[in-house]
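Heads up: the structure comes next, in structure tokens.
The values are calculated or read from the model by the stated rules, or taken from the named source; none is laboratory data. Not measured: the values here are computed from a predicted model. Neighbour counts run over all protein chains shown; Cβ positions are idealised from the backbone, glycine included. These accessible areas exclude ligands, DNA and RNA; they are computed on the full protein's heavy atoms, side chains included. Shrake-Rupley method; radii C 1.70, N 1.55, O 1.52, S 1.80 Å.
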Amino acid sequence: MKKLTILLTSLLILSGCGKNASANISFANDELLTVGNTKITKGEIYQTLKNSGSSFYIIEEATDYFIEKEITNNDALMEKALGELENIKKLYGDNFSSIISSYGYASEEEFVKNTILQQLQVQELNNVYLNENLQTYLDSYLPKKAQIMTFDNLDTAQNAYVALTEGKDFKEIASQMNSSSNPDELIYTSKSLLASPIKFYLDKAETVGLSEVLIDAENTKYYLVNITSVDPTTYKDEFIESIAHDQEVVQSALSYYFKKYNFTLYDIDIYQQFKESYPTYLNQKEINNKKVNQ
Amino acid sequence: MKDNKGLIKNYWFVGVIALCLVTILGYFVYEKISAGEFNYLQGKKVDGKDVIYTIGDKISTADEMYEVLYEKYGVERVYNALQKAVIDQGVETTDEIKEQAQHFSDDLIQRAIQSYGTEHYEAYIVSQLKNLGYTSLKDLPQYYTVSLKFNQLIEDYVNAHIDEVYPAFNEAFKPRMVSHILIKLADPANPTEEELALVKSVQTALENGEDFTKVAAEYSQDGSAANGGSLGYMDITTQFVTPFKDAALALNEGDVSDLVLSEFGYHIIKVDSTNLEELKQQEQFYNAMINNDPTIASKAVWNKAQELNITFANEELETALKKHMGIGE
């Protein structure tokens with residue numbers, strides 16, 4: 001009977017107990033001020049700061065950590081940042097100092113470090129991620145280098161096609177025939193915003209070469225596509241630079257680093273904030289959020 | 001053996017119940033383990049301090065996060081906490097305030113359900129409340145109670161310091177109570193004979209000394225007719241069409257305007273009152289006072305805090321707080 005009682009009690013305890021951790025400051029009881037019969041403590045202020053500012057703080061700190069660990073060419077980035085600073089100063093002229101001051105920067109150095117350099121470092125972080133996961137992105141984006149002409153008139157498009165088959169220069173013909181699209185050699189991917197006929201042609205193409213006139217009946221447009229490269233390994237850095245700013249890539253990069261460095265939270269309220277807004281940054285198993293001891 | 005048999009015979013029912021309980025509990029625990037419900041977030045301490053997170057070899061404590069966030073946002077949060085404490089202790093929670101708070105709370109919930117659906121409205125409201133130091137939907141009436149008591153605090157402060165705060169406001173904002181009679185015109189550039197006849201009737205009635213309120217109730221062609229033409233409180237910030245606003249602000253108390261043409265038709269405007277005691281009955285009056293001088297709200301808080309006796313742990317906080325509140329030494 002005694003053993004049975006112990007067994008039942010243990011099962012009851014197991015099923016009911018357990019509590020999620022909540023991190024607090026070591027000086028929570030320190031008073032900041034007293035008004036009437038109310039003391040306002042550092043602990044109270046900490047709770048409000050934690051509830052609304054902690055996830056952003058953590059992501060900022062974590063990003064700084066990733067930059068410190070992953071980026072090895074800070075000197076080159078600083079040189080680039082100083083170059084950009086000169087461009088910005090030329091743009092704003094005499095107003096530059098007052099503008100950065102109005103944003104809270106005490107000096108040019110602070111502005112460079114906290115704005116320009118930081119942006120370059122975050123971009124570099126994305127580049128490192130993309131280099132480490134290049135094949136995944138090549139398979140997903142299917143990049144190709146190509147030139148495109150766009151016309152409103154079928155005859156003009158066909159004349160342009162004939163000229164190109166005779167060996168004339170693409171950009172020259174585009175200019176002569178008043179093509180309405182950019183004839184420069186650019187990288188296009190499966191996620192580029194392109195008219196359907198062009199997209200379909202590019203996605204299917206496996207070799208370089210000039211297309212026949214592609215007809216977009218819906219929009220009454222006519223296109224010529226000259227694919228100049230289907231081997232992205234020959235322009236890997238260009239490809240990476242072209243997608244490094246994609247929001248999807250930025251988020252994936254951060255998720256990758258949070259996982260790589262085994263990001264672990266020890267406070268349930270902050271965990272819930274991340275679960276709601278940044279679930280891909282979490283590495284921990286699904287937490288039981290039922291507050292048992294309330 | 002004989003004793004055991006007797007025991008089983010007498011207590012067999014207890015044994016059956018115990019077996020059922022063990023089975024049910026065992027199944028319950030098994031289900032919870034399978035669902036990961038015993039997976040609770042573990043805490044961590046380093047040198048006696050609570051850790052917020054770790055990443056790679058970096059350990060970040062709650063103390064460190066507090067120092068960084070306090071520098072950026074601390075004074076603002078202290079002010080919010082002070083404001084709440086002052087309101088809690090310094091303003092009575094009347095039945096009227098409780099009722100209004102509950103009404104506002106119910107209204108917001110209904111609107112949130114319409115916007116976000118029954119599954120998500122609560123999360124939306126709670127996320128807004130958390131920024132204000134509250135934790136759950138149950139706190140919503142409390143939030144409104146505090147807001148209403150805050151309004152009361154400001155009203156009491158303004159009324160007690162009216163000679164200081166009103167003259168500049170009156171000159172800048174020209175607050176007044178106004179009424180009008182509207183005769184609609186289908187094409188304001190080309191009034192019809194019928195429309196002009198109506199205008200004439202109104203003008204004749206007023207010239208004959210008929211009460212403005214009665215004439216408005218009889219002839220005015222907008223919703224204010226039900227209130228005898230009263231549009232209530234206005235000042236320079238009120239969103240009236242320009243010709244109407246300019247004309248209304250140029251009048252003195254008791255004056256009636258000539259015909260004022262706007263995109264809606266002809267107006268005849270009357271300034272019912274510029275009397276301070278009447279203006280103080282209007283909620284927009286106090287809101288406009290705060291728009292004119294945003295420090296009124298923090299002055300009201302500071303004034304009451306001093307009445308309640310406020311003391312600081314250090315001078316730096318007091319200086320920073322006063323600077324944040326926009327009040328002098």
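Quick one: count up the residues across region B:91-104 that are part of a helix (DSSP H, G or I) and either open to solvent by 40 Å² or more (accessible area, probe 1.4 Å) or within 21 Å of A:THR48 (Cβ to Cβ) (or both).
Matching residues across region B:91-104 total 8.
Matching residues to (1) polar (S, T, N, Q); (2) within 16 Å of B:ASN291 (Cα to Cα):
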site	(1), (2)
B:ASN151	yes, yes
B:GLU155	no, yes
B:ASN159	yes, no
B:MET177	no, no
B:ILE183	no, no
B:GLU195	no, no
B:VAL199	no, no
B:GLU207	no, no
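Looking at (1) in a loop (DSSP other than H, G, I, E, B); (2) surrounded by fewer than 17 Cβ atoms within 10 Å (Cβ to Cβ), can you tell me which one B:THR204 breaks?
(1)
Quickly run through region A:194-216 and pick out the residues that are farther than 14 Å from A:PHE151 by Cα, assigned to a strand (DSSP E or B) and free of Cβ contacts under 8 Å to residues at least 24 places away in the same chain.
Residue satisfying the conditions is A:GLY209 alone.
Residues checked against (1) free of Cβ contacts under 8 Å to residues at least 24 places away in the same chain; (2) farther than 30 Å from B:ALA320 by Cα; (3) within 14 Å of chain B (Cβ to nearest Cβ); (4) among the aromatic types (Phe, Trp, Tyr):
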{"position": "A:ASN20", "(1), (2), (3), (4)": "no, yes, yes, no"}
{"position": "A:GLU70", "(1), (2), (3), (4)": "no, yes, yes, no"}
{"position": "A:ALA76", "(1), (2), (3), (4)": "yes, yes, no, no"}
{"position": "A:GLU79", "(1), (2), (3), (4)": "yes, yes, no, no"}
{"position": "A:SER97", "(1), (2), (3), (4)": "yes, no, no, no"}
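Conditions (1) within 14 Å of chain A (Cβ to nearest Cβ); (2) within 27 Å of the chain's Cα centre (by Cα), marked per residue:
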{"site": "B:THR237", "(1), (2)": "no, yes"}
{"site": "B:ASP246", "(1), (2)": "no, no"}
{"site": "B:ASP258", "(1), (2)": "no, no"}
{"site": "B:ILE269", "(1), (2)": "no, no"}
{"site": "B:ALA297", "(1), (2)": "no, yes"}
{"site": "B:ALA313", "(1), (2)": "yes, no"}
{"site": "B:LEU317", "(1), (2)": "yes, no"}
{"site": "B:ALA320", "(1), (2)": "yes, yes"}
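Filter region B:223-237 down to residues that are open to solvent by 50 Å² or more (accessible area, probe 1.4 Å) and within 17 Å of B:ALA248 (Cβ to Cβ), then give me how many there are.
So the answer is 4.
Based on what the data block shows, is B:TYR116 in contact (Cβ under 8 Å) with a residue 12 or more places away in the chain, more than 10 Å from every other protein chain (Cβ to nearest Cβ) and closer than 25 Å to A:GLU286 by Cβ?
No, not satisfied.
Hey, does region A:265-275 have a residue that's in contact (Cβ under 8 Å) with a residue 12 or more places away in the chain, open to solvent by less than 10 Å² (accessible area, probe 1.4 Å), assigned by TED's automatic domain parsing to the domain that holds A:GLY53 and not in a helix (DSSP H, G or I)?
Yes, some residue in region A:265-275 is in contact (Cβ under 8 Å) with a residue 12 or more places away in the chain, open to solvent by less than 10 Å² (accessible area, probe 1.4 Å), assigned by TED's automatic domain parsing to the domain that holds A:GLY53 and not in a helix (DSSP H, G or I).
Which residues, taken from region A:29-73, are open to solvent by 20 Å² or more (accessible area, probe 1.4 Å) and either part of a strand (DSSP E or B) or of a type in the set (A, V, I, L, M) (or both)?
A:GLU31, A:THR34, A:THR38, A:LYS39, A:THR41, A:ILE59
I'd like to check something: does region A:42-53 contain any residue that is more than 28 Å from A:TYR266 (Cα to Cα) and modelled with pLDDT under 95?
no
Here are some residues: B:GLU263, B:GLU278, B:GLU194. Which one is open to solvent by 70 Å² or more (accessible area, probe 1.4 Å) and under 29 Å from B:GLU164 (Cβ atoms)?
Result of the check over B:GLU263, B:GLU278, B:GLU194: B:GLU278.
Return the pairs, sorted by first residue and then second, in which the second residue is open to solvent by 40 Å² or more (accessible area, probe 1.4 Å) and of a type in the set (A, V, I, L, M, F, W, C), the first residue lies in region B:169-190 and is at pLDDT below 90, the beta carbons are less than 7 Å apart, and the residues are 6+ apart or on different chains.
B:PRO188/B:LEU261
Could you grab me the full set of residues in region B:148-174 that are surrounded by fewer than 16 Cβ atoms within 10 Å (Cβ to Cβ) and part of a helix (DSSP H, G or I)?
Selection gives B:ASP156, B:ASN159, B:ALA160, B:ILE162, B:ASP163, B:GLU164, B:PRO167, B:ALA168, B:GLU171, B:ALA172.
Out of everything in region A:169-193 that is free of Cβ contacts under 8 Å to residues at least 40 places away in the same chain and of a type in the set (A, V, I, L, M), what residue ends up being most open to solvent (accessible area, probe 1.4 Å)?
A:LEU193
Select the strands (runs of 3 or more DSSP E) contained entirely in region B:240-312, then report the ones holding at least 3 residues which are not hydroxyl-bearing (Ser, Thr, Tyr).
Hits in region B:240-312: B:265-273.
Of the residues in region B:1-44, how many are outside any helix (DSSP H, G or I) and either among the hydroxyl-bearing types (Ser, Thr, Tyr) or at pLDDT below 70 (or both)?
Residues that pass the stated criteria total 6.
So which pairs qualify, if the first residue must be in region B:138-160 and farther than 25 Å from B:GLU122 by Cα, the second must be among the hydroxyl-bearing types (Ser, Thr, Tyr), the Cβ gap must be under 9 Å, and the two must be at least 6 apart or on different chains?
Listed by first residue and then by second, the contacts come to B:ASN151/B:TYR286; B:GLN152/B:THR94; B:ILE154/B:TYR286; B:GLU155/B:TYR286; B:VAL158/B:TYR166; B:VAL158/B:TYR286.
Out of region B:45-65, which residues are open to solvent by 10 Å² or more (accessible area, probe 1.4 Å), at the interface with chain A (Cβ under 7 Å from one of its Cβ atoms) and under 40 Å from the mean Cα position of the chain (by Cα)?
B:LYS49, B:ASP50, B:THR54, B:ASP63, listed by residue number.
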